[in-house]
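The values are calculated or read from the model by the stated rules, or taken from the named source; none is laboratory data. Small disclaimer: the values here were computed from a predicted structure and weren't measured. Glycine also receives a Cβ, built like all others from the backbone with ideal geometry; neighbour counts cover every protein chain displayed. Only protein heavy atoms, including side chains, enter the accessible area calculation; ligands, DNA and RNA are left aside. Shrake-Rupley method; radii C 1.70, N 1.55, O 1.52, S 1.80 Å.
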Amino acid sequence: MQCIMPSSNSLSIAVICSSNMNRSMEAHAFLSKKGFNVKSFGTGDKVKLPGNAPDRPNVYDFDTTYEEIYNDLLLKDKQYYTQNGLLNMLDRNRRIKAKPERFQLSKDKFDILITCEERVYDQVIECMESRKQEDNQPAHLINIDIQDNHEEATVGSFLIWELVSVLANSDDLDNDIDELLHEFESKFDKTILHTVLFY
């Protein structure tokens, strides 16, 4: 199925994973290339990247720029982090924005929030419900499970684009969304979580 470009990209979209590194950034890059109004976030306490041993991840604060993380890994083990794709990923990230952003600290409002795993979906709900409601502006929170590796992140970005394109073409999203999500689930054999939150 060919996705028709939305006539007006008025929908504001957030793509959210745990560290704002791989899945959310891959989708951020893809959606912005397609002309969507998109931002990306993480929900974790820290930014975590695999280290050269399973029990030794690289951990950074959300304030650390992609550039700084890139240079840190370069110094630690250039060959290893080139081989496992992290340097390539960080290189892409730093071309999109300066640093990972934490969803819980964002003051922006979005029409559609897309999370890449159920734990992140729960964290977004928790965050939104703990905020004082301002203007009752609705946001559709949708979860599509995407494994946190480079291949799945690439596939996931196509899925997210397919989904967002369908939603953007709806004349009455609040009314149509359940049916559109159901069709998407059937087409791609994916289980989707969906809830409406309010700002």
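Here is how the numbers come out for the structure above:
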{"read-out": "Volume per residue of the C-alpha convex hull in region 97-199, rounded to whole Å³", "value": "116 Å³"}
{"read-out": "Using alpha-carbon coordinates, inclination of helix 150-168 to the longest axis of the chain, degrees", "value": "20 degrees"}
{"read-out": "For the chain, calculated [θ]222 nm from helices alone, where every DSSP H run of n ≥ 4 adds -39500 (n - 2.57)", "value": "-14500 deg cm²/dmol"}
{"read-out": "Other-chain or far-sequence residues with amide H under 5 Å of Gly51's (modelled H)", "value": "Arg56, Asn58"}
{"read-out": "Ratio Rg/Rh [Cα only; Rh per Kirkwood] for the chain", "value": "0.98"}
{"read-out": "Principal axis dimensions, region 31-82 - Cα atoms, whole angstrom, descending", "value": "38, 25, 19"}
{"read-out": "Nitroxide proxy distance, nm - points 7 Å out along Cα→Cβ at Asn88 and Leu74", "value": "1.8 nm"}
{"read-out": "Rounded to 5, percent antiparallel among DSSP beta bridges of region 50-199", "value": "65 percent"}
{"read-out": "HN-Hα J in Hz across region 48-62 - Karplus 6.51, -1.76, 1.60, θ = phi - 60°, x for Gly and Pro", "value": "10, 10, x, x, 8, 8, x, 8, 10, x, 8, 10, 9, 6, 5"}
{"read-out": "Rounded tilt (10° steps) of 118-130 against the dominant C-alpha axis of the chain", "value": "70 degrees"}
{"read-out": "Area of Leu75 that stays accessible when all protein chains are in place (1.4 Å probe, Å², to 10)", "value": "150 Å²"}
{"read-out": "Length-normalised contact order of region 139-199 in % [C-alpha pairs under 8 Å, at least 6 apart]", "value": "60 percent"}
{"read-out": "With DNA, RNA and ligands ignored, accessible area of Val196 (1.4 Å probe; Å², nearest 10)", "value": "60 Å²"}
{"read-out": "Angle in degrees between helix 66-83 and the longest Cα principal axis of the chain, rounded to the nearest 10", "value": "70 degrees"}
{"read-out": "At 0.890 mPa s and 25 °C, Stokes D of region 119-174 from Kirkwood alpha-carbon radius, µm² per second", "value": "181 µm²/s"}
